[in-house]
Amino acid sequence: MSSAPTSGVLHASDPPVLLEVRSLVKHYTGQRRWFGPQPPVVQAVDGVSFTLSRGETLALVGESGCGKTTTAKSVLRLVEPTSGQVLLEGVDLLGLDAEQMRLRRRDLQIIFQDPYASLSPRLDAGTIVGEPLRNFGIASRSEREAQVVELFAKVGLRPEAMRKYPHEFSGGQRQRLGIARALALKPKLIVCDEPVSALDVSVQAQVINLLADLQQEFGIAYLFVAHDLAVVRHISHRVAVMYLGRIVEIADRDTLFAQPLHPYTRVLLSAAPVPDPRRATQRILLEGEPPSPARPPAGCRFHTRCPQAQPVCRETSPNLTERATAPGRTHWLACHVI
């Protein structure tokens, strides 16, 4: 892979905040059957808050089912949040009607996880990439075709591939098509929903390097959903760790990997494979299964599995508060014990 982002710390001179998420909630209620009990409410996302600056990559990490993808899709209103605020350049997206939201979607795009399912098999590659331009009536037909050729070049595809169909491409090439489609409208924010998890390792490196190069060229902000910590360490500026619908820790990349504070973050990092067979690692094992988001425990949601849990952890939910770690670095933590 090419070199990682040069800085994991944001300073006062950095670009202003592009996205601010405040107390985002997404609950799902099951359908009640006749004369049956009321189904429990699934608390997929429960009070998530974070900010994202222009040209920054914020990674959302955590085990499967923690609410990463639901959070990302709620930001885009691909699923409608239950409550909260999603401020893009100060405008609350949740307060916009359908037409206003449609216009704002030019600034918001997504790269889906599965490059095999996210592309229509009935359209050729050039049509797929040019579809966003056509939907918003941007440029004439000949100008749109020229822009599609340029987009193909940006993501490393040849212009003659425009007439091919998705089944004629490899997995990595299909994901490049997805990236080109996301770039077509020159968005300010792209949600990357585990964009390399379905690809081979060698292809993963190519796609991650491509995303990093495009960010440097266009100043795009990424909300990067992932479970592969090696990928996160390479591409992210900051990392937010989620557990059972809530963020438990946010820090810049270097601080989080060097000095994780939350017990759950330490567990995640200890489970990541180390590419050096001579380096001894100590895996932290948790007892028990993760609680159900339909019946989350009271207090800190991690206390049922946390080896450092205290009585207060069972009674009161910790707030995400700023902790002093090093000068010029921000570290947010939701823990009573640390």
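The values are calculated or read from the model by the stated rules, or taken from the named source; none is laboratory data. Remember, predicted model here, so these are calculated numbers, not experimental data. No Cβ is skipped: glycine too gets one built from the backbone with ideal geometry, and neighbour counts run over all protein chains shown.
State all residues of the stretch 187-208 that are of a type in the set (D, E, K, R) and either at pLDDT 95 or above or under 16 Å from V225 (Cβ atoms) (or both); if no residue qualifies, say none. Spell out the reasoning first.
Step one: filter the stretch 187-208 for residues of a type in the set (D, E, K, R), giving 188, 193-194, 200.
Of everything in the stretch 187-208, those that are of a type in the set (D, E, K, R) and either at pLDDT 95 or above or under 16 Å from V225 (Cβ atoms) (or both) turn out to be K188, D193, E194.
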query = Which residue pairs have Cβ atoms closer than 6 Å, lie 6 or more positions apart in sequence or on different chains, and pair a first residue in the stretch 1-30 that is more than 16 Å from V239 (Cα to Cα) and part of a loop (DSSP other than H, G, I, E, B) with a second residue that is at pLDDT 85 or above and charged (D, E, K, R)?
reply = P15/R54
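So that you can scan it fast, the table gives a plain yes or no per residue for (1) of a type in the set (G, A, S); (2) over 15 Å from Y222 (Cα atoms):
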| site | (1), (2) |
| --- | --- |
| V17 | no, no |
| F35 | no, yes |
| V41 | no, yes |
| A44 | yes, yes |
| L52 | no, no |
| S64 | yes, yes |
| K73 | no, no |
| Q109 | no, no |
remark   = Filtering the stretch 309-338 down to residues that are modelled with pLDDT under 90 and part of a loop (DSSP other than H, G, I, E, B) yields A324, T325, A326, P327, G328, R329, T330, I338
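Restricting the search to the stretch 288-315, which residues are of a type in the set (S, T, Y) and surrounded by 14 or more Cβ atoms within 10 Å (Cβ to Cβ)?
Taking the stretch 288-315 and keeping what is of a type in the set (S, T, Y), we get 292, 304.
T304 - this is the single residue of the stretch 288-315 that is of a type in the set (S, T, Y) and surrounded by 14 or more Cβ atoms within 10 Å (Cβ to Cβ).
Restricting the search to the stretch 213-231, which residues are crowded, with 22+ Cβ neighbours inside 10 Å and touching a residue at least 40 places away in the same chain (Cβ under 8 Å)?
Applying the first criterion (crowded, with 22+ Cβ neighbours inside 10 Å) to the stretch 213-231 yields 220-226, 231.
Matches in the stretch 213-231: I220, A221, Y222, L223, F224, V225, A226.
Quick grid of which residues meet (1) within 20 Å of V17 (Cα to Cα); (2) modelled with pLDDT of 95 or more:
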residue: S49; (1), (2): yes, yes
residue: A59; (1), (2): yes, yes
residue: E63; (1), (2): no, no
residue: K68; (1), (2): no, yes
residue: S74; (1), (2): yes, yes
residue: Q85; (1), (2): yes, yes
residue: L88; (1), (2): yes, yes
residue: D107; (1), (2): yes, yes
residue: A117; (1), (2): no, no
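Any idea which residue in the stretch 34-73 is surrounded by the fewest Cβ atoms within 10 Å (Cβ to Cβ), counting only those that are of a type in the set (A, V, I, L, M) and touching a Gly at 6+ places or on another chain (Cβ under 7 Å)? Steps first, answer last, please.
Pass one, the stretch 34-73, residues of a type in the set (A, V, I, L, M): 41-42, 44-45, 48, 52, 58-61, 72.
Filter once more, keeping what is touching a Gly at 6+ places or on another chain (Cβ under 7 Å): 44-45.
Details: A44: 22, V45: 29.
The extreme case among them is A44.
If I ask for residues that are under 19 Å from A44 (Cβ atoms), out of contact with any helix residue (DSSP H, G or I) (no Cβ under 8 Å at 6 or more places or on another chain) and either in a helix (DSSP H, G or I) or of a type in the set (G, A, S) (or both), which ones from the stretch 77-101 would you list? Quick ask: steps written out before the conclusion?
Going residue by residue through the stretch 77-101, those that are under 19 Å from A44 (Cβ atoms) are 77-86, 93-94.
Filter once more, so that each one left must be out of contact with any helix residue (DSSP H, G or I) (no Cβ under 8 Å at 6 or more places or on another chain): 78, 82-83, 94.
Correct list: S83, L94.
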key: Lone unmet requirement of (1) within 21 Å of H331 (Cβ to Cβ); (2) surrounded by fewer than 24 Cβ atoms within 10 Å (Cβ to Cβ); (3) among the hydroxyl-bearing types (S, T, Y); (4) within 16 Å of the chain's Cα centre (by Cα) for S270   = (4)
key: Of residues in the stretch 102-117 being part of a loop (DSSP other than H, G, I, E, B) and over 17 Å from the mean Cα position of the chain (by Cα), the one nearest to R176 (Cα to Cα)   = Y116
inquiry  = Just to be sure I understand the filter: pairs with C-beta atoms under 9 Å, separated by 6 or more residues or on different chains, first member in the stretch 242-260 and of a type in the set (S, T, N, Q) and surrounded by fewer than 23 Cβ atoms within 10 Å (Cβ to Cβ), second member modelled with pLDDT under 95 and not in a strand (DSSP E or B). Which pairs pass?
reply    = T255/G8; T255/V9; T255/T325; T255/A326; T255/R329; T255/T330; Q259/T325; Q259/A326
request  = State all residues of the stretch 142-185 that are part of a helix (DSSP H, G or I) and aromatic (F, W, Y); if no residue qualifies, say none.
outcome  = F152
Failed item, numbered, when P290 is tested on (1) assigned to a loop (DSSP other than H, G, I, E, B); (2) at pLDDT 90 or above = (2)
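Determine whether the stretch 187-196 contains at least one residue that is assigned to a helix (DSSP H, G or I), without any contact (Cβ under 8 Å) to a residue 60 or more places away in the chain and either of a type in the set (K, R) or closer than 30 Å to G126 by Cβ (or both). Break it down into steps so the answer makes sense when it comes.
Taking the stretch 187-196 and keeping what is assigned to a helix (DSSP H, G or I), we get none.
No: zero hits.
From the list L285, L320, which one is loosely packed, with under 11 Cβ neighbours inside 10 Å and aliphatic (A, V, I, L, M)? Step through it out loud before you land on a result.
Details: L320 fails: loosely packed, with under 11 Cβ neighbours inside 10 Å.
When all the criteria are applied, what remains is L285.
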